[in-house]
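Inspection log for the structure reproduced underneath, given as structure tokens.
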Amino acid sequence: MSKRIKTSIIINKSLDAVWEEVKVMENHVNWMEDAVKIDILSENNSGIDTKMNVLTKVGPIKLTDIITVTDWKEKESIGPHLLWL
């Protein structure tokens with residue numbers, strides 16, 4: 001069973017500036033508190049079917065999440081599918 005999580009935040013930047021940061025998947029460690037390192041596994045590093053290993057740390061617990069981008073709406077949303085190992 002899958003669940004959807006929707007969050008929002010106000011960022012005092014243009015949509016173009018925000019998207020330039022967000023579309024680079026490796027940059028997500030700059031603003032995701034629990035992401036430590038992102039390694040791209042696929043040939044493409046953005047868009048649908050981008051696959052990556054994401055090392056996350058919450059307190060003393062470290063996990064490797066395998067994330068595949070399953071939804072990509074330019075300047076609107078990125079939809080990940082997570083597989084926890």
*Just how large is the dipole of the chain about the Cα centre, in debye to the nearest 20, putting +1 at every Lys and Arg Cβ and -1 at every Asp and Glu Cβ?*
340
_Tell me the per residue accessible area of the chain using a 1.4 Å probe; a whole number in Å² is fine._
80
*In a shell of Cβ-Cβ distance under 12 Å around D39, excluding D39 itself, what net charge do Lys and Arg (+1) and Asp and Glu (-1) give?*
0
_Theoretical gain in end-to-end length, S8 to N45 [0.36 nm per residue, Cα-Cα removed]_ = 10.9 nm
_Could you work out what % of the accessible surface of the chain is carbon and sulfur, using a 1.4 angstrom probe and leaving DNA, RNA and ligands out of the count?_
54
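Please return the longest range in the chain lying between exposed loop sites, taking trypsin sites (Lys or Arg not before Pro), DSSP loop only, at most 16 other beta-carbon atoms within 10 Å, and leaving the sites out.
24-74
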*How big is the Cα convex hull of the chain in projection, averaged over all directions, in nm²?*
6.2
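The values are calculated or read from the model by the stated rules, or taken from the named source; none is laboratory data. This structure is a prediction, so every number in the text was calculated from the model and none was measured. All Cβ positions, glycine included, derive from the backbone under ideal geometry; neighbour counts span all protein chains shown. The area values use the complete protein model at the heavy-atom level, side chains included, leaving out ligands, DNA and RNA. Shrake-Rupley method; radii C 1.70, N 1.55, O 1.52, S 1.80 Å.
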